Amino acid sequence: MNIGHASARSNGESIIRIRDLVFRRGRRTILDGINIDIHRGSIVAFMGPSGVGKTTILRLISGQLRPDSGTVEVNGHRVSAMSDRDLQRFRRNIGVLLQDGALFTDLTVFENIATPVREHTDLPEPLVRRLVMSKLAAVGLGGTEERMPHELSGGMARRVAFARAVVLDPDIMLYDEPMTGLDPIAVSTIRTLMRETNDTLGQTSIVVSHNVTQVRQFADYCYIIASARIAGEGPPETLAASSEPSVDQFMNGRVEGPIPFHYQPPGAPWGLLD
Amino acid sequence: MRANYKVELASGIFLLLGIAALVWLATRATDYGQDIGEDTYTISARFSNVGDLRDRAPVKIGGVTVGLVESISLDPVSFEAVVAMSVDSRFDEIPSDTGASVLTSGVLGDRYIGLEPGGAPDMLQDGDELFITQSALVLEQVIGKYLFNAGKSEEEK
Amino acid sequence: MAAESTVMARLTGPVSEAGRCLLFLLRMLSGIRPRAGQVLSVLQQTYLIGARSLVIIMICGFFVGMVLSLQAINALEQFGASDQVSLLVGKSLFRELGPVLTALLFAGRAGTSITAEIGLMKATNQLEAMELMAIDPVQRVALPRFLAGVISVPLLTAMFSALAILGSVVFAIGVMGLDAGIFWSKLQNGVYFQKDFVGGVWKSLVFGGIVSLVAVYFGYSAKPTGAGVGTATTNTVVLSSVLILVFDFIMTSFLF
């Protein structure tokens, strides 16, 4: 995957635009002036150390959180300015795959996938059934519709969650660590599903991940977030070869570098001899 | 939802059992049907001593509760205890010359008002007063009287 | 200055928590709609919450009835008033022991399971997933459980009391040989429908509301970790129990 590939797939139009985003939680500034452009049809990865705020950006895009300042625009609409009703319509068009799948444990596989359909459409029951079963077959799990989530293996559960996320053929997909905790085969399966669905449906996908190896295999473009800012951006190969210290430290998994080893409490620096 | 029908059935049975228990308790373990309703009228009576009669003590005719004591107050002029009672409107044919006594339920029981129906042709109305009254028997006074009489008969011997 | 602010924080903390809880209740109630989906959900929860508490309630009720009769007869025998046992048992059951004990048992068995279930759903991101599907988790998850609790507690109280009376019958009549006719007539004449029975029903409704509200609220506001869920379930039992007893006093003083 290189720049040429990405721009061939996308038409260069940026459908998610984030400008000067600032987000604070209590005294901590989590995001300090973030600028992001996501082009239609591409798969973009957000990477960075744990806890840096990658999931927070996802939540700002989906409208679950409001920024302290700055704008988040999707398809030209300001997400932070949306009313609840607008948000509802907006979310119909976004598919989300949360960490660990987040399947509803008290519903069957079928019911899980059917939930967004029943909630957002008025389709009659036979059509709902047809839709759910086709998505289930597309992820290779036809026949599991009556099983409960706890009866499934990790990889299968993740695929069901994937089916639930794409059941209404959304234009935008948000993935929060979709491959974390899966065995290598399951990882490849999810990666393949992500890529194929993105290309077939003409989706735009954002993937939060901290697995550099995996990201290099599917992402068109990456943003590395560290210390509340964008430390680097670009196609994965370009970033891997970057000489910028934070980017280099992260992409190559080094302990030494600008991202500190020692925990820094907010306020005065801590010293062993204090 | 899984096992839809079974769950519905089970919760339906639970609801039925619960309601059945409520109904059984209400009818078999309380004085349902004999209780004092909302519709009442007020009558009063004066006593020289009401003992430890309390508010909400029952008012009974022949042992059956027909009302409750509403209030007990003191007439500052005659120093009599004025007892106001609310009687269930179901019992609207109590003769106007009915007598009221302060009785005790059993040996150790609570005080209550017992009504002895008279024979007058007119019935009690709201606000009427009962004029035939019998005050409470206070144990110490009874014993005192007994001792006094016993002492007197000893003297006479 | 620092000391002042912690005292203020200690005071305003619980007060604002109570405020949040009240707002939560209003948010739940605003979503009540007689839709088939919601009714089915409430029924299902009634089974999971109420019916599954049934066994423990019935067993405890039976034994409470028996021990109450035992104590009552012990005490009344000294006055030769053993046949008042059914009256004593009946009144104390309907007015106090039935509603209070049932509610406490319910808080321990069902309240904790509600809190744990909701807290776990929060920790595994299920509630967040619902929000992203534009489903209000408060109304999809919390409301049915709340309503199921409010419906179940009075019914469970009735069954507790019924079994307690049965226990009393078994002990007083079966074991101690009291006359069955006297037992039932004292009970039926002495226990007042309006005051004792209806008062007890009001209490059980209020208690059911309290336990259910506390359980769903603490589950919903739990910290999304294992320890957080554990703390939340403990808090549910503790706070429910305290509130039950506090409101018992309040209601008793103006009901009886």
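Points to keep in mind about this one:
- Selection from the stretch A:242-258 of residues that are in contact (Cβ under 8 Å) with a residue 12 or more places away in the chain and out of contact with any helix residue (DSSP H, G or I) (no Cβ under 8 Å at 6 or more places or on another chain): A:Glu244, A:Pro245, A:Ser246
- Residue in the stretch C:54-66 that is farther than 30 Å from C:Phe256 by Cα and surrounded by fewer than 16 Cβ atoms within 10 Å (Cβ to Cβ) present: yes
- Residue pairs whose Cβ atoms lie under 9 Å apart, separated by 6 or more positions or on different chains, with the first residue in the stretch C:26-41 and within 12 Å of chain B (Cβ to nearest Cβ) and the second at pLDDT below 85 and assigned to a helix (DSSP H, G or I), are C:Leu40/B:Asn4; C:Leu40/B:Val7; C:Leu40/B:Glu8.
- Any hit, the stretch C:121-138, residues being more than 14 Å from C:Val42 (Cβ to Cβ), of a type in the set (Lys, Arg) and either within 14 Å of chain A (Cβ to nearest Cβ) or within 21 Å of the chain's Cα centre (by Cα) (or both): yes
- Taken together, A:Ser242, A:Ser246 contain a single residue that is more than 30 Å from A:Ala157 (Cα to Cα), of a type in the set (S, T, N, Q) and assigned to a loop (DSSP other than H, G, I, E, B), which is A:Ser242.
- Scanning the stretch C:68-81 for residues that are in a helix (DSSP H, G or I) and buried (at least 16 other Cβ atoms within 10 Å of the Cβ) yields C:Leu68, C:Ser69, C:Leu70, C:Ala72, C:Ile73, C:Leu76.
- Residues of the stretch A:66-81 that turn out to be surrounded by fewer than 18 Cβ atoms within 10 Å (Cβ to Cβ) and within 23 Å of A:Pro116 (Cβ to Cβ), as a count: 2
- Taking the listed residues C:Ile165, C:Ile173, the one that is free of Cβ contacts under 8 Å to residues at least 40 places away in the same chain, surrounded by 17 or more Cβ atoms within 10 Å (Cβ to Cβ) and aliphatic (A, V, I, L, M) is C:Ile173, with no other qualifying.
- Tabulated pairs, the stretch B:48-70, first within 18 Å of C:Gln188 (Cβ to Cβ), second in a loop (DSSP other than H, G, I, E, B), C-beta under 6 angstrom, 6+ apart or interchain: B:Val66/B:Phe91
- Those residues of the stretch A:25-60 which are in contact (Cβ under 8 Å) with a residue 40 or more places away in the chain, basic (Lys, Arg) and surrounded by fewer than 20 Cβ atoms within 10 Å (Cβ to Cβ), in sequence order: A:Arg27, A:Arg28, A:Arg40
- Candidates are the residues of the stretch A:6-49 that are modelled with pLDDT under 90 and assigned to a loop (DSSP other than H, G, I, E, B); the one that is nearest to A:Pro236 (Cα to Cα) is A:Gly48.
- Taking the listed residues C:Gly108, C:Gly119, C:Gly90, C:Gly65, the one that is part of a helix (DSSP H, G or I) and within 19 Å of C:Leu205 (Cα to Cα) is C:Gly108, with no other qualifying.
- Within the stretch C:199-216, residues that are surrounded by fewer than 22 Cβ atoms within 10 Å (Cβ to Cβ) sit with their Cβ atoms under 8 Å from residues that are among the polar types (S, T, N, Q), at 6+ positions apart or across chains, in these pairs: C:Val201/C:Thr157.
- The requirement of being crowded, with 16+ Cβ neighbours inside 10 Å, under 23 Å from the mean Cα position of the chain (by Cα) and at pLDDT below 90 is not satisfied by B:Tyr41.
- Any hit, the stretch B:72-86, residues being in the same structural domain as B:Asn49 (by TED's automatic domain parsing), surrounded by fewer than 17 Cβ atoms within 10 Å (Cβ to Cβ) and assigned to a helix (DSSP H, G or I): no
- Matching residues, the stretch A:100-116, being assigned to a helix (DSSP H, G or I), β-branched (Val, Ile, Thr) and more than 7 Å from chain C (Cβ to nearest Cβ): A:Val109, A:Ile113
- The condition of being among the charged types (D, E, K, R) and in contact with a helix residue (DSSP H, G or I) (Cβ under 8 Å, 6 or more places away or on another chain) holds for only one of B:Arg46, B:Arg90, B:Arg28, B:Arg54, that being B:Arg28.
The values are calculated or read from the model by the stated rules, or taken from the named source; none is laboratory data. Since the structure is predicted, the reported quantities are computational estimates derived from the model, not experimental observations. Cβ sites come from the backbone with ideal geometry, for glycine too, and all protein chains shown count toward neighbours.
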